[in-house]
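The block underneath contains the structure these notes are about, expressed in structure tokens.
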Amino acid sequence: MEALNMKVLTLSSQPLRHLLRLAASSRPPIRPNLFFLRCSSSSSSSPSPAAAPAAAAAAASGRGRRAASSSSSTSDREAVRAIRLKKVEELREKGLEPYAYKWDRTHSASQLQEIYKHLANGEESSSEKDQVSIAGRITARRAFGKLAFLTLRDDSGTIQLYCEKERLLNDQFERLKTLVDIGDIVGANGTIKRTEKGELSVCVNTFAILTKSLLPLPDKYHGLTDVDKRYRQRYVDMIANPEVADIFRKRAKIVSEIRKAVESAGFVEVETPVLQGAAGGAEARPFVTYHNSLGRDLYLRIATELHLKRMLVGGFEKVYEIGRIFRNEGISTRHNPEFTTIEMYEAYSDYQSMMNMAEEIITCCALAVQNKLKIDYQGTEINLERPWRRETMHNLVKEATRIDFSDFGDDLEMAKRVTLTTLGDGLDNKDKLAIGSCPSIGHLVNEVFEVVVEPKLLQPTFVLDYPIEISPLAKPHRKRAGLTERFELFICGRELANAFSELTDPMDQRGRLEEQVRQHNDKRAASLLKGAATEEKKEEDDESYEVTLDDDFLTALEYGMPPASGMGLGIDRLVMLLTDSASIRDVIAFPVLKIQQ
């Protein structure tokens, strides 16, 4: 060993360019044998000459935990990569394939932890039935003379690999120490033992490198802390921060619970087009693409609504779709250009039914993920116990501002003056401009609600009866003129769901959609006249896109759609709530990001 250590010291001092030259050398033909370490009762022989360069490479890369994981600069990263490429070549020179085809596993880490939880400290189960096979990524390693301890992590958790020199043939133990790095994916066979310190371990009988990792993982003690890099390299984020992967497991559980809840109520899952001739069902800037064969522009959908309503026309009575929605708008902690919703439509019901459905879906998901209905979100306790508060938009605005907008009738200018006088000190210039440009009392009420009321709705609240001007697809309120039977659900100051008693009158629907198109085109024309749609401002100008009428949807309504209610619920925001995630990027595995400079 002293001779080997001297070689290590000598080789580790060689210039980096020599190591890079070694890594770039041509490699011999691939021989598809796996790298196995086999047990033997005899002591291992002295390290072979071929093992020395690998040992040197490990020393140069800092095979000790701290040196290998602290490489942060590009030069250090490339140095580690060069050394590991050399290890790949060395493995192949020995006829050992570092990128395996398969590995037969008998257990996961968590299964072993459960099956052998009865083992006492120092006890080993070495019978034939206790022979196990596992696989996973090495996330930590320690070596003490004739012992080596590796931490292996798979999808279910972690377990220790207990490696003894006396059990390994010839120079296999030295190969283990010099050729296996943190980040490598390995397979191991062996028996089960709980160490004297209480760590359940696999006593390794055979061992194989299944995938050789070329790049170093982030430092164990600091993790991957660069937020931008975490989003850009989510795969590294999940390796370095296992709790991140737990969020996506919970997300999968939430989606599964949503399906269970709606299908137990008799809803049928359907699929509708992502590419559409008219991006309808909501007012939002669409993504536009061009279809070469058809020779026409198509739009990525901004909602699934209008096609799901066509299903009701066709005879379905309860339908839903969980799907991706695309809106070419701003990016924030609450907004991503592509996001996931569930939309559902139920014939012969009204928006009261959808309030009950929203409560059912969210409470089922909370119990499945959190096992309770009082949860913590960013330091605030949220009580999801039913029933939730239900209040009209007008009453909430009056409660917060002491302004009763029903007193103004159609006098929009008076309403604006009173609003600016009452709220002026608490408004920024952007809010004042937005209030001043409202084209109707309904728009004004909604603007005040969004600025003053919405951020304060922390506990679950159904906000009811929206103005007709901002609800072109909702049925007129049966009791209150100028309003619609519509609600939005707010929790933690953000919208989670939007629902209507659906408009089924085809002539009323045509008139409202045509008015929506007219208003949008007027704004667009005004923007063009003011020069707002110049190259510098196009990205921020929400009126720079065209809006078209979906004539086929209006034709479908003329065949007759039954009375119905419908709801869209944002799955990303629900996952944020139930996983205590501050940003929507935390719950989308691969969020859209700006181009890295």
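Label positions at Ile595 and Leu528, each projected 7 Å from the Cα along the C-beta direction, are separated by 2.8 nm.
Taking every protein chain into account, the accessible area of region 405-519 amounts to 45 square angstrom per residue (probe 1.4 Å).
Out of the total accessible area of region 323-455 (probe 1.4 Å, heavy atoms of protein only), what percent is carbon and sulfur? Accessible surface attributable to carbon and sulfur in region 323-455 totals 45 percent. Ranking Gly277, Ala261, Tyr231 by Cα position along the charge dipole of region 216-293, where only Lys, Arg, Asp and Glu carry charges on their C-beta atoms, puts Tyr231 farthest toward the positive end.
Magnitude of the charge dipole for region 77-211, about its Cα centre and with charges confined to Cβ atoms of Lys, Arg (+1) and Asp, Glu (-1), is about 400 debye.
What lysines sit close enough to Lys372 to cross-link, taking a C-alpha to C-alpha distance under 20 Å and skipping anything fewer than 8 places away on the same chain? List returned: Lys250, Lys253, Lys260. Accessible area of region 77-211 with a 1.4 Å probe: how many percent of it is carbon plus sulfur? Of the solvent-accessible surface of region 77-211, carbon and sulfur hold 46 percent. A Cβ-based charge dipole, computed about the Cα centre of region 232-342 with Lys and Arg at +1 and Asp and Glu at -1, lands at about 120 debye.
With every protein chain left in place, what is the accessible area per residue of region 306-401 in square angstrom, probe 1.4 Å? Before the final figure, lay out the partial values.
Values: 4200 Å² over 96 residues.
I get 44 Å² per residue for this part.
Residues in region 77-211 average 41 Å² of solvent-accessible surface per residue, probe 1.4 Å, ligands and nucleic acids excluded. Think of each Lys and Arg Cβ as +1 and each Asp and Glu Cβ as -1; about the Cα centre, that makes the dipole of region 100-145 roughly 360 debye. Length gained on full extension, Ser264 to Glu329, computed as 0.36 nm times the residue gap minus the Cα-Cα distance: 19.9 nm. Using a 1.4 Å probe on the protein heavy atoms, what percent of the accessible area of region 551-597 belongs to carbon and sulfur? Summing carbon and sulfur atoms, their accessible area is 53 percent of the total for region 551-597.
The values are calculated or read from the model by the stated rules, or taken from the named source; none is laboratory data. This structure is a prediction, so every number in the text was calculated from the model and none was measured. All Cβ positions, glycine included, derive from the backbone under ideal geometry; neighbour counts span all protein chains shown. The accessibility values were calculated without ligands, DNA or RNA, using every heavy atom of the protein model including side chains. Shrake-Rupley method; radii C 1.70, N 1.55, O 1.52, S 1.80 Å.
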